[in-house]
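A short write-up of the structure that comes next.
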Amino acid sequence: MNQEKIERLLARADEAAGEPAFALATAAGIRRRIHRKRLVTMAVPTTVAAGIVLGATLWVVCLPTGRPQPQPQRIASLEEQVRQLQAQTEATLKLLQEVLETDRRERRLASLEAEFASIPDPIREIERQVDKAAFILVYQADKVYQELNESESAVRAYREVIQFFPTSPWAQVARERLARIEQQRIHDTKRQEGANLWDARNT
Amino acid sequence: MSAMAKVCEDLALVERFRRGEDSAFDRIVEQHAAEVAALANRLLGWPGDVDDIVQDVFVAAFVGLKKFRGESSLRTWLFTITVNQCRRCRFRRRRLRPVALEEAGTVESPDRGGDKAAMDQETFARVRRAVQALPQKYREVVALTYLQGLEAGEVCRLLGITTNVLQVRLTRARKRLRDRLGDLLEEKS
């Protein structure tokens, strides 16, 4: 009993707190986020390492030695160290640039992919348009035949549908309509002949 | 949709994601983000804004989904990540700003003559503070069982504990809540 009371109280307190606010994450966004994280985790240690190397070099250079070093040798060693330092810095910068460039390319690729995904499939779109055109032709032919009784125009339109859109489902509909008109014509002709015969006999 | 159909659909989405379809992951997020956000909100003490945690959960899911073996449902797996992320978040927060949890039990009852709605709000806030004051292991079982409404077996799988341990934790959590909210429970009866 007490358990039920606690559960009820908890449920009502939770309900009273309302829905939490959050934004829906997308795969592309998460990919970017992971990449940024990776970039930071790479760039920070590289920079720190470069700093340590620089500091160590300076410390070694400034370290007072027991016996005085000959001046030209010292200059040469200093120059060598500076060259090494420059090479290291250049390598680090190059790596950073490469990483940034890769990131930029990936982001561009992701945006292009998203753009591409939003475009409807062109082949399906063309098929849809073709289907629509065939349907309109059949619809108009139906109207011409049923409302105006223009069987010649309707037959022409149905034949056009069969000729221009043979793979469309409306071509099959047009064939059925043509067959029906043909049957109607045969039926009318027979009736006419019967009527003519009847008239001839009576007269 | 039945639970079985839901599990099958989730597995199909995971498979599609493994084959490189990002849209499958978007669909997983759409289906589970609300529940993940609700659980994070409850585990973190109803802060209202749980955007960062939800993002972190789905980043972890994005990285780990390729290794998802399907031994539990995708929902349980995501809840496990949510629980772990919330633990980390609370740990970080506590390190930065220690919170006096004991204050939760010492809040005075609201003024009897006040507005009823305001009184209710204050009562519910007190209940929420009491839940927050519970130790982590008790708070988690309360949030998952009573608030999120998960089955006992699912909670056990999620937290990696046995049914007996779950029952013990729930009993102890209820006792602590009774101690803190005794007057409210008497009022209700």
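The values are calculated or read from the model by the stated rules, or taken from the named source; none is laboratory data. Computed from a predicted model, the values in this text were never measured in an experiment. Ideal geometry is used to build each Cβ from the backbone, glycine not excepted, and the neighbour counts take in all protein chains shown. Side chains included, ligands, DNA and RNA excluded: accessible areas come from the protein's heavy atoms. Shrake-Rupley method; radii C 1.70, N 1.55, O 1.52, S 1.80 Å.
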How about segment A:55-92: which of its residues are assigned to a helix (DSSP H, G or I), at pLDDT below 85 and among the hydroxyl-bearing types (Ser, Thr, Tyr)? A:THR57
A careful count of residues in segment B:57-79 that are part of a helix (DSSP H, G or I) and open to solvent by 40 Å² or more (accessible area, probe 1.4 Å) gives 5
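State whether one or more residues within segment A:164-171 are in contact with a Phe, Trp or Tyr (Cβ under 6 Å, 6 or more places away or on another chain) and either open to solvent by less than 60 Å² (accessible area, probe 1.4 Å) or not acidic (Asp, Glu) (or both).
Filtering segment A:164-171 down to residues in contact with a Phe, Trp or Tyr (Cβ under 6 Å, 6 or more places away or on another chain) leaves A:170-171.
Within this subset, residues satisfying the condition of being either open to solvent by less than 60 Å² (accessible area, probe 1.4 Å) or not acidic (Asp, Glu) (or both) are A:170-171.
Looking for residues that are in contact with a Phe, Trp or Tyr (Cβ under 6 Å, 6 or more places away or on another chain) and either open to solvent by less than 60 Å² (accessible area, probe 1.4 Å) or not acidic (Asp, Glu) (or both), one finds at least one in segment A:164-171, hence yes.
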Conditions (1) within 30 Å of A:THR167 (Cβ to Cβ); (2) free of Cβ contacts under 8 Å to residues at least 12 places away in the same chain; (3) over 24 Å from the mean Cα position of the chain (by Cα) -> A:ALA91 fails only (1)
When every residue in segment B:41-56 that is assigned to a helix (DSSP H, G or I) and more than 7 Å from chain A (Cβ to nearest Cβ) is compared, the one surrounded by the most Cβ atoms within 10 Å (Cβ to Cβ) is B:LEU43
As an exercise: evaluate A:ARG105 against (1) open to solvent by 100 Å² or more (accessible area, probe 1.4 Å); (2) among the charged types (D, E, K, R); (3) at pLDDT below 90 and give the number of the one condition it does not meet. (3)
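I'd like the full set of residues that are in a helix (DSSP H, G or I) and buried (at least 17 other Cβ atoms within 10 Å of the Cβ), limited to segment A:15-30. Let's see the steps before the verdict.
Start the filter on segment A:15-30 by keeping residues that are in a helix (DSSP H, G or I), which leaves A:15-17, A:27-30.
Those that are in a helix (DSSP H, G or I) and buried (at least 17 other Cβ atoms within 10 Å of the Cβ): A:ALA17, A:ALA27, A:ALA28, A:GLY29, A:ILE30.
Over 30 Å from A:VAL53 (Cα atoms) and not in a helix (DSSP H, G or I), is that true of A:THR189? First the steps, then the outcome.
On the way: over 30 Å from A:VAL53 (Cα atoms): yes; not in a helix (DSSP H, G or I): no.
No; evaluated as a whole, the condition is false for this residue.
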Across segment B:19-40, the tally of residues that are more than 7 Å from chain A (Cβ to nearest Cβ), part of a helix (DSSP H, G or I) and open to solvent by 10 Å² or more (accessible area, probe 1.4 Å) stands at 5
